[in-house]
Amino acid sequence: MNIDPASGSLVIKPRCALALMVKVPFAGPVKTRLTPPLSPEEAATLSTCFLRDMTTNLFGMNSGGTEGVVLYTPANAEGLLHNLLPPRFKLVAQRGETLGERLINAAAELLSNGFESVCLINSDSPTLPSEILKTAASLLAQDGDRVVLGPSEDGGYYLIGLKHPHHELFERIAWSTKTVLAHTIERATDINLRVELLPTWYDVDDAATLRVLCDELSLSSDGHVGQAQFRGGSEAPHTRRYLAGLIAKDGYQRLIADARTAKTRA
């Protein structure tokens with residue numbers, strides 16, 4: 001039990017950090033696999049919309065049990081985030097050269113600073129349902145050590161939840177490949193760590209997944225039927241409004257041209 005010495009009242013520390021792994025949305029370095037069909041400036045604006053929608057979603061969940069955190073890179077760009085985030089969001093710079101190093105360093109830092117568990121979440125899933133995040137936090141609140149994984153369609157994961165900084169989960173992983181989730185589960189098995197799997201969701205990182213997002217947000221205009229498994233996500237109003245504006249200006253076909261080409265080649 002923690003008592004505020006000034007007021008004498010009980011202070012409830014958040015049990016779980018819901019932490020977004022964020023690249024500050026500069027035109028050029030972010031969302032490069034979306035250029036084309038988008039320009040670098042459009043891709044950066046879309047990334048900004050993703051960040052606003054996901055942080056708004058996390059902020060709406062803030063309670064005695066969770067707290068929203070943004071883990072950002074590059075380290076000197078914190079000032080640019082203040083106007084994009086809801087108030088009172090915790091900002092922490094990412095540390096490490098590789099993705100694995102940045103993930104484990106983030107988990108270790110948050111767990112050593114008052115959180116009982118941490119969920120590291122990608123910032124490329126603007127419609128990720130709140131219920132999934134609530135489930136992840138609830139699983140981590142249960143007794144016993146475990147890792148919580150949110151599988152993504154591309155073979156990776158959109159979320160990893162931990163109660164202890166298990167370095168083994170981030171070692172010998174071929175990042176940005178279809179084997180990330182499978183190898184992470186293997187590492188957990190090696191150390192006898194219980195694995196909890198969340199529902200599958202998707203990252204928006206190329207023209208094909210941009211089309212899936214448009215389908216989910218009912219922005220398609222060619223009669224294509226959206227992927228039923230991705231219904232019921234968060235509303236993502238900033239993302240919806242921006243994509244709707246692009247479609248109104250340039251037409252839906254422009255956004256999906258590369259997706260169709262890639263499908264034909266496959």
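Applying the condition of being surrounded by 19 or more Cβ atoms within 10 Å (Cβ to Cβ) and at pLDDT 90 or above to region 218-241 and asking which residue is farthest from Glu42 (Cα to Cα) yields Ser234.
The residue of region 1-26 that is least open to solvent (accessible area, probe 1.4 Å), among those that are modelled with pLDDT of 90 or more and not in a strand (DSSP E or B), is Val24.
Cβ separations smaller than 7 Å between residues 6+ apart or across chains give the following pairs from region 25-38 residues that are within 20 Å of Asn76 (Cβ to Cβ) to residues that are outside any helix (DSSP H, G or I) and open to solvent by 60 Å² or more (accessible area, probe 1.4 Å): Pro29/Lys23; Val30/Lys23.
Across region 38-74, the number of residues qualifying as more than 23 Å from Ala107 (Cβ to Cβ) and of a type in the set (A, V, I, L, M, F, W, C) comes to 5. Taken over region 180-199, the criterion of being surrounded by 15 or more Cβ atoms within 10 Å (Cβ to Cβ), more than 23 Å from Thr32 (Cβ to Cβ) and within 16 Å of the chain's Cα centre (by Cα) is satisfied by Leu198 alone.
Taken together, the criteria exclude Ala44 from residues that are at negative phi, surrounded by fewer than 20 Cβ atoms within 10 Å (Cβ to Cβ), in a helix (DSSP H, G or I) and of a type outside the set (Lys, Arg). Return a yes/no flag: does region 99-109 have any residue that is in contact (Cβ under 8 Å) with a residue 24 or more places away in the chain, assigned to a loop (DSSP other than H, G, I, E, B) and surrounded by fewer than 19 Cβ atoms within 10 Å (Cβ to Cβ). For region 99-109, residues in contact (Cβ under 8 Å) with a residue 24 or more places away in the chain, assigned to a loop (DSSP other than H, G, I, E, B) and surrounded by fewer than 19 Cβ atoms within 10 Å (Cβ to Cβ): absent.
If you go through region 75-97 and keep only what is open to solvent by 50 Å² or more (accessible area, probe 1.4 Å), within 23 Å of Leu111 (Cα to Cα) and of a type outside the set (Asp, Glu), you end up with Ala75, Pro87, Arg88, Lys90, Arg95.
Note on region 115-133: residues that are surrounded by 23 or more Cβ atoms within 10 Å (Cβ to Cβ), within 12 Å of Gly150 (Cα to Cα) and of a type in the set (S, T, N, Q) amount to 1.
Of note, Thr261 does not satisfy the criterion of being assigned to a helix (DSSP H, G or I), polar (S, T, N, Q) and modelled with pLDDT of 90 or more.
Regarding region 126-138, can at least one residue be identified that is touching a strand residue (DSSP E or B) at 6+ places or on another chain (Cβ under 7 Å) and more than 21 Å from Asp53 (Cα to Cα)? No, every residue in region 126-138 fails to be touching a strand residue (DSSP E or B) at 6+ places or on another chain (Cβ under 7 Å) and more than 21 Å from Asp53 (Cα to Cα).
With respect to Gly155, determine if the residue is open to solvent by less than 30 Å² (accessible area, probe 1.4 Å), more than 25 Å from Thr66 (Cβ to Cβ) and not β-branched (Val, Ile, Thr). Yes: the conditions hold for Gly155.
The values are calculated or read from the model by the stated rules, or taken from the named source; none is laboratory data. Everything quoted here is computed from the prediction, not taken from an experiment. Backbone-built Cβ (ideal geometry, glycine too); neighbour counts: all protein chains shown. Remember, those area values only see protein heavy atoms, side chains included, never the ligands or the DNA or RNA. Shrake-Rupley method; radii C 1.70, N 1.55, O 1.52, S 1.80 Å.
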